[in-house]
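Visitor: For reference, the structure I am asking about is given below.
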Amino acid sequence: MGHTAPGPRTEPRSPRTVRVVIADDHAVVRRGLRQLLEAEGGFEIVAEAGDISGARRHVRGHHPDVLVLDLNMPEGSSLDAVPEIRTEAPDTAIVVLTMQNEPAYARQALSAGVLGYVLKDAADAELVEAVRRAAEGDSYLNPRLGARVAAAPPPGPPDGLSERELEVLRLIARGHTNLDIARQLFLSVRTVETHRAHIQQKLRLGSRAELVSYALEHGLMSG
């Protein structure tokens with residue numbers, strides 16, 4: 001009785017190395033994130049950036065699997081840059097690292113196309129999992145924050161503001177000047193100033209920082 005010849009041996013596949021760009025405006029944070037991922041194994045940090053422009057440049061140049069992006073950067077909120085990064089590098093997943101533990105911020109980030117939302121105070125425990133999941137196309141949200149997002153209904157438009165005032169408020173919150181807003185909405189600068197005055201009066205808010213905070217709390221930035 002003949003014996004069947006053994007087939008060729010198949011070596012077990014080793015998990016692929018996940019290529020990562022780290023973007024944070026603090027060098028000590030970048031160094032800590034690099035050490036955390038490299039100590040875990042299976043990650044290659046291909047570049048680091050200290051601002052949004054650098055992050056976009058490195059993503060375009062290196063085509064990483066994952067971009068780890070600090071939410072607050074010197075040039076403003078990183079969430080404003082997410083749509084452009086997603087357009088420039090659709091195969092790069094984005095994991096946001098932040099101190100912001102409010103559901104509105106997380107909801108806005110996920111709506112913008114971010115796959116991971118990790119709180120800085122939990123980064124040691126969660127970042128590795130979030131980056132791995134993002135590299136596979138899966139999402140990750142800090143569990144405590146995820147429960148709050150699920151429990152809180154999505155905020156609706158604030159009472160008392162017209163649709164046009166909502167448009168103006170969004171653009172103010174994104175850092176546009178009155179002249180920018182006038183050009184985008186095909187209005188006169190005086191009309192934009194009037195809308196802005198009405199918004200501040202209705203919401204009882206004075207500064208741009210207060211308007212930005214209000215827009216974020218009410219989920220208006222991605223509209």
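Visitor: Of the options 187, 211, 200, report the single residue whose Cα projects farthest towards the positive end of the charge dipole of segment 163-217 (beta-carbon charges: Lys, Arg +1; Asp, Glu -1).
Guide: Of the options given, the answer is 187.
Visitor: Please list the radius of gyration and Dmax for the chain, considering alpha-carbon atoms only, with Å as the unit.
Guide: Rg, Dmax (Cα atoms, Å): 21.9, 97.
Visitor: Would you calculate the separation in nanometres between label points at residue 72 and residue 184, each defined as 7 Å from the Cα along the Cα-to-beta-carbon direction?
Guide: It works out to 2.3 nm between the two label points.
Visitor: Moving to a separate point now. Gain in length, residue 53 to residue 111, computed as 0.36 nm per residue apart minus the alpha-carbon separation, to one decimal in nm?
Guide: Full extension of this stretch gives 18.7 nm more.
Visitor: Also, quick follow-up: Farthest toward the dipole's positive end in the chain, which of 127, 77, 169, given Cβ charges of +1 (Lys, Arg) and -1 (Asp, Glu) about the Cα centre?
Guide: 169
Visitor: Multiplying the sequence separation of residue 125 and residue 214 by 0.36 nm and subtracting their Cα-Cα distance, what value in nm do you get? Don't jump to the answer; show the numbers that get you there.
Guide: Numbers: separation 89, 0.36 × 89 = 32.04 nm, distance 3.11 nm.
That works out to 28.9 nm of additional length.
Visitor: Okay, moving on. Taking the Cα centre as origin and putting +1 on Lys and Arg beta-carbons and -1 on Asp and Glu beta-carbons, what dipole magnitude results for segment 55-191, to the nearest 20 debye? Working shown, then result.
Guide: Values: 15 positive and 19 negative charges, 56 e Å.
Approximately 280 debye in magnitude.
Visitor: How much length, in nm to one decimal, is gained on full extension between residue 44 and residue 148, taken as 0.36 nm per residue of separation minus their Cα-Cα distance?
Guide: 34.1 nm
Every read-out reported here was derived from the displayed coordinates using simple, explicitly stated rules and does not represent laboratory data. Note that this is a predicted model, so its numbers are computed, not measured. Note: ideal-geometry Cβ built from the backbone for every residue, glycine included; neighbour counts use all protein chains shown.
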